[in-house]
């Protein structure tokens, strides 16, 4: 089986590969900077703590690494095979459990998303004109894809990147989100605060100002789960 220390070693290896500390990798993935600290790897009573599948998924999305890269970054001793060999079948089964098989989801461009007729009141896909793209290992039945256009979302998202969003996922401060206003504007932001009467949104691009949008002017909010990068 894949051991606890091998999983953490794989995270450390990915951090080094990208010239980051574990804290820097956590921040790059949109997580709390202490998420991967050594002190977080065991409970106070010594029990091992494992990184969540969501955390691993965010790391892969932020770094552009594949699941195979992540498994391969683990020390060879994590596999029952000989040093230097590929991970064993049991390791691959664990890896496959982190990211289920792909399935097609609706795909729409940001420019099209601002038009009417493509979403219901909850922000879920509706109507006609959607293309499809394979969903990279997520099981959210309501998730769909949007294609980024322009440079307003740099440096996180480039023109042509595909992002997977979920209207059904709970949105918390610090999450990356897509917001559509009742006027038809569609934007990707970071949720800074959610008040009873407004959303406070930080821009992904430092050249763009923060936004405060009244709740009454928001059609829907969807959490960003994954980006192609």
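Rg and Dmax over the alpha-carbon atoms of the stretch 172-229 stand at 10.9, 34 Å.
Taking 18 Å as the cut-off, the amide N atoms of the stretch 141-178 that come nearer than this to a point 7 Å along the Cα-to-beta-carbon line of residue 121 belong to 167-168. Peptide packing for 36-48, 59-71 was compared via the average number of neighbouring C-beta atoms within 10 Å per residue; ordered from the highest value, the list is 59-71, 36-48.
If R0 is 45 Å, what FRET efficiency do you get for residue 151 and residue 40 from their C-beta distance, rounded to 0.05? Between residue 151 and residue 40 the formula returns 0.80.
Read-outs throughout are calculated quantities, based only on the coordinates presented, and are distinct from any laboratory measurement. It should be emphasised that the depicted structure is a prediction, and the values quoted were computed from it without experimental measurement. Every residue, glycine among them, receives a Cβ derived from its backbone with ideal geometry; neighbour counts consider all protein chains shown.
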